[in-house]
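Just so it is clear, none of the values below were taken in a lab; they were calculated from the coordinates. Model, not experiment: these values are computed from the prediction. Please note: Cβ atoms are built from the backbone with ideal geometry, for glycine as well, and neighbour counts cover all protein chains shown.
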Amino acid sequence: MRTSGVAAASSTSSSSSSPAALGKQPVSSSTATCVSPVSSPSDDTESPLPSKSSAAPTTALSQRESTNNSEEIAPEIVVWTGQMDSMIVDSPETATPVSPSSGPAAASEEKSVDAIPTSPSQPTSAPQLSSTLTVPQQGETSEEKRPSVTSSSLSTLSDQSDLSSVPLSVSSKATTPVDTDSSREAPAPGAPRLTQRATSPRRKWDVRPKVSIPPDLTLSEYALQCVAAAEASRLNPYALHQEEYLMLRDHISHAQVTTYLNIRNGILRLWVCNPRIAVTREEAVGCAKDPRWFDVASVCYDWLVRRGYINFGCVEIRPSRHKHAENSELLTKTKEKKKRRTVVVIGAGMAGLGCARQLEGLFAQYANRFRKMGEEPPEVIVLEARNRVGGRVYSRPFHTRPKHIPEHFKGKRFTAEMGGMIITGFERGNPINILLRAQLGLSYHYLKPETILYDSNGKPVDLHRDQLVENLYNDCLDRVSEYKYKPPATKLIEGNKDLIDEGRDSSAETHKTIRQAEEAAAAQPHAAPVSEQNMAPQVNLVPVSSDRATGRIHNEPGTPAALNAARKAKLMGWTLKQGVSEDADIDLQAAAIEPGATLGSVTDKVIMQYKDILDLTAQDFRLMNWHIANLEYSNATNYHQLSLPGWDIDAGNEWEGSHSMVIGGYQSVPRGLLMIPTPLNLRQKSPVCKITYTSSSPTGPAIVECEDGYKVEADCVVNTIPLGVLKHGSVKFEPPLPQWKAEAIERLGFGVLNKVILVYKEPFWDENRDIFGVLRNPPNRHSTDQKDYASQRGRFFQWFNVSKSSGLPVLIALMAGDAGYDTEQTCNDDLIAEATDILRRVYGSRVPYPVEAVITRWASDKFARGSYSSAGPDMKADDYDTMARPVGNLYFAVLDALIGPIPVPTPLILPKDLKRKAPSSSSISSPADIYQARLRTHEALLHEHLVSRLGPCPTLPPKPPTNAYMYYSKAHYDEARRRLEAGRRPGKGKPSANEVRVMSSKMWRDASDEDKKPYVEMAEEAKRKWNETVEKWRKDVEEWEAKAEKERQEWEKTNPPPPQPSKTEEMLGEGRRTKMRVVEGMYKEESESEGFGGGTGSGSDVEMGGAWG
């Protein structure tokens, strides 16, 4: 399956959520879809990446790019051109470089690509790069940079707080992470602890409480932004992450969780506010409202940096003002040459570049730790087999050029997306959101979701029939979901939601830590053990719909296969065969326990049993198999090669939001990771043939040998070699990989998705539609036997109009399932002729032959051996975690051996009687700090005065329901539940609330206008009363504000506001953090072609309306 976001360091290790990503989802470790060993001469003409509007070293990128060798065109990627005299064609050598594009870009890669290294399993984890190390001592510099973008997934954690491997992930739709707690195996030998008790003197902080909280925001407004920032980072704003629980359970109480979460969410807010500049430790500590919590904020900051929730990607990291002098002193003391360790990252795809960028950032942020040990920060070297970066993200330049360049395309490249191309949403913590839109400022095009299906004869499929079959297909997957892996329950340690929403800390003080409270509870008679206390409720996810653009399955909470098949079919709108009872059902038990049972074998049985209940026609089978082809597209393999229990193991980890494509080429993303903020140490054309490593130690001698004889000696090696290459065995490991690792590589699936890319002189299709599908006939076109459809259903089944992102009239046809493999053996002329015949059936004989065509053959690419990973038939639930585990100093997802654990002072929170004093005003470092502190005091006294004289400002009463359906569902709740119980299968329990909601919504849709009328009238009456209430509230507020203004003027005659400094600085010192607008968690842009721009918001430094993904 595909990931979106950033993938695991080893592109072999995971499967994730959506096809878009850097190479986020997350997610868990994922297999990066590497591209073939290609380089095209025309790559010399590619323009540098768009500059970050605020401080991105784009010039370095453009200078560096010109020195790169031109990309070669691999023999397996065939270019066909014809009738080119009818268009203006520039040769690669004469094409002019394109100027940087500006404009928001988003990336999550297409189905085939994974991204940055990450650990395999954590659905709730954020999209951060987890290929990181453990964290430094408290006294270290906190300006660390965590550049790789990845949807971090939590690595397997033991109950003793050990880390088997740090997760990290950004995923493409091809690979999504497994539930973090799905495999609770013992940590890898030698794995470092997450934290350690600090024995060094407690750090003194030259920071004032609340200095990072904007004074012009009310607490509730500030809290709203903090909660949105946590959701945008894929963290629960109201509960501890599993690693936070393990880190803090010996140090804080249940009551103190609320205050900790307020601090953590506030730090995330600082990052989301401006992700172009790293958050410093001092800024993070300034999120605490009480000096007693400064050390907690520092520990939280270390965890967020280490796990890649902040300071990741192409981020600018500046030295701390407090550490600058210390750095200079260390450098002058030790001018002699010092020891420097080396980390080699193998592969410059999305995973490798993300990993290298993350490691460089961490080493820079914790440089003092290494210098105190008498050595320089480690050097990171990236080895790449190809003559280009990006791996399976490859935007190959076309030879063809348009006669007139569209206005929105000026300065951009005309490219064919050979591999990953779709960003499957920026929301729900997709790190691509920050990387592409905020840091790189790339332009992108939103894909219109509307998809029309054409039958094999070229006529549009009846929409009603299409919907009936799609519902039936979803029900088939629902019934198969009964046999999926059930993820284990996880800890849920929550804070006080009401206090968090109000931005208030908990005043409760208890002496029992979380561990002590749990152990005390476990000691009671008949009490649950600690491992079973405070557990999150188990939620079953069942398929309810599918995404036509990506093949991704949408799930909702529910009970799988709850209703009898016949009754469910009637509810969906089908008519039962004559003589079939409403009690008729489907039995899959025998099929599910057969040796070698797969998703495909069992689903085929479901379809054929439904054929006995319903009158399914040949067209119904063509429609059904179009959806199956779409599922095979999302997994890059025939669904008979997917695990029955694990095919949807990444459910719940998908990114959210509209799909999009990068204008001018997705490859701009890896180019940005390579060059910004400073170029990585990359050696191209260096295919690795042998890795000699130390299997008994996390650090030690290692040698990486390349095919050309080049050797690199290293202390650690991070492997981001695609899973397909590992399966092929072309890279030798010395000593050989242990059996547990080799078997996991063997069990995981790795398939192929190929594309036929066609360029035309002019579009003959509907330019307002981005996607359309075509049903395919089996060898016997009238067949109603499911097994006849496998070979043909994925051939040219899905078409993308990519003219807006490629700059030319271009169609891309997908070859999925068996057709993906057939493409490897089919000649180009036959493929182009078949594609033209299909298009002529849909659009008529006027369809010409293309003027240029490009065909991918990923399975033949020696540096990829396929497209992306999937859950193979024999996959185990913990295989992604197993893939992420290191072997000695050979890492597959994370590298946490070079920096020690996070030091946690004891006690972490000082008792109130030992509360340290906040810095006096004389210790504040800037006039702006002094002014802001005095202004806050002035405003607090003014507010207290106004409330004492006028009372609080009127608040808007809660809004009543104004939707007719809400009143209807409440009145018919019991009826909906009875309907569900009537057709319920034995052993399925009572209908869940979500199932009742779905049933009541169907009842509402089926209700007549007469039945709906009373509820519509109730809603209109509620709306009328609400409008009256709002109007009255507005008048009350206006009156209150008028009186308050008079009171303020009178009060300030005797209590004047503090004088403003002559030269006001930024609130957080030295003008470092600029303001950036955030809407729905996504960085705001005015149009597709505009860059990120770094717009400034007014008032607060974040303007948020929701979460980012």
Burial-style ranking of 691-698, 808-815, 310-317, average other-beta-carbon count within 10 Å with highest first, yields 310-317, 808-815, 691-698
Of all lysine pairs in segment 688-789 that are eight or more residues apart or on different chains, those with Cα atoms under 22 Å apart total 7
The rounded separation in angstrom of the Cα centers of segment 365-430 and segment 651-729 is 12
Sorted on mean Cβ neighbours within 10 Å (highest first), peptides 574-581, 250-257, 866-873 come out as 866-873, 250-257, 574-581
Under the 7 Å Cα-to-Cβ spin-label approximation, GLU762 and ALA536 lie apart by a distance in nanometres of 5.5
With a Förster distance of 22 angstrom and the Cβ-Cβ distance between GLU743 and GLU594, calculated FRET efficiency to the nearest 0.05 equals 0.45
FRET efficiency (ARG197, ASN236; Cβ distance; R0 35 Å; to 0.05) is 0.85
Subtracting the Cα-Cα distance of ASP974 and ASP874 from 0.36 nm times their residue separation yields 31.6 nm
Sorted on mean Cβ neighbours within 10 Å (highest first), peptides 772-785, 286-299 come out as 286-299, 772-785
Looks like segment 927-1058, by Cα gyration tensor root eigenvalues a ≥ b ≥ c and the a/c under 1.5 rounded cutoff (else prolate when a/b is bigger than b/c, oblate otherwise), is prolate
Taking 0.36 nm per residue of separation between ASP1009 and ARG318 and subtracting their Cα-Cα distance, the length gained on full extension comes to 242.4 nm
The residues THR195, THR678, THR856, sorted from fewest to most surrounding Cβ atoms within 10 Å, come out as THR678, THR195, THR856
So VAL1037 and LEU935, fully extended at 0.36 nm per residue minus their Cα-Cα distance, gain in nm 34.3 nm
PRE zone check, label point 7 Å out along Cα-to-Cβ of GLU556, amide N under 18 Å, scope segment 478-494, hits 478-482
Put in order of increasing Cβ neighbours within 10 Å, starting from the fewest, PHE733, PHE797, PHE892, PHE414 give PHE733, PHE414, PHE797, PHE892
Computed D for segment 932-981, Stokes-Einstein, Kirkwood radius over alpha-carbon pairs, 25 °C, 0.890 mPa s, to the nearest µm² per second, is 158
VAL580 and LEU219 label points (each 7 Å along its Cα→Cβ direction) are spaced in nm at 6.1
For the ASN963, SER845 Cβ pair and Förster radius 56 Å, calculated FRET efficiency rounded to 0.05 is 0.65
Two pseudo-spin positions, 7 Å from Cα along C-beta at ASP785 and at GLU713, lie apart in nanometres by 6.6
XL table LYS289/LYS491; LYS570/LYS1002; LYS204/LYS912; LYS685/LYS804; Cα-Cα > 24 Å flagged, in table order, is LYS289/LYS491; LYS685/LYS804
Footprinting proxy, GLU407, GLU767: sorted fewest to most Cβ within 10 Å, the residues are GLU407, GLU767
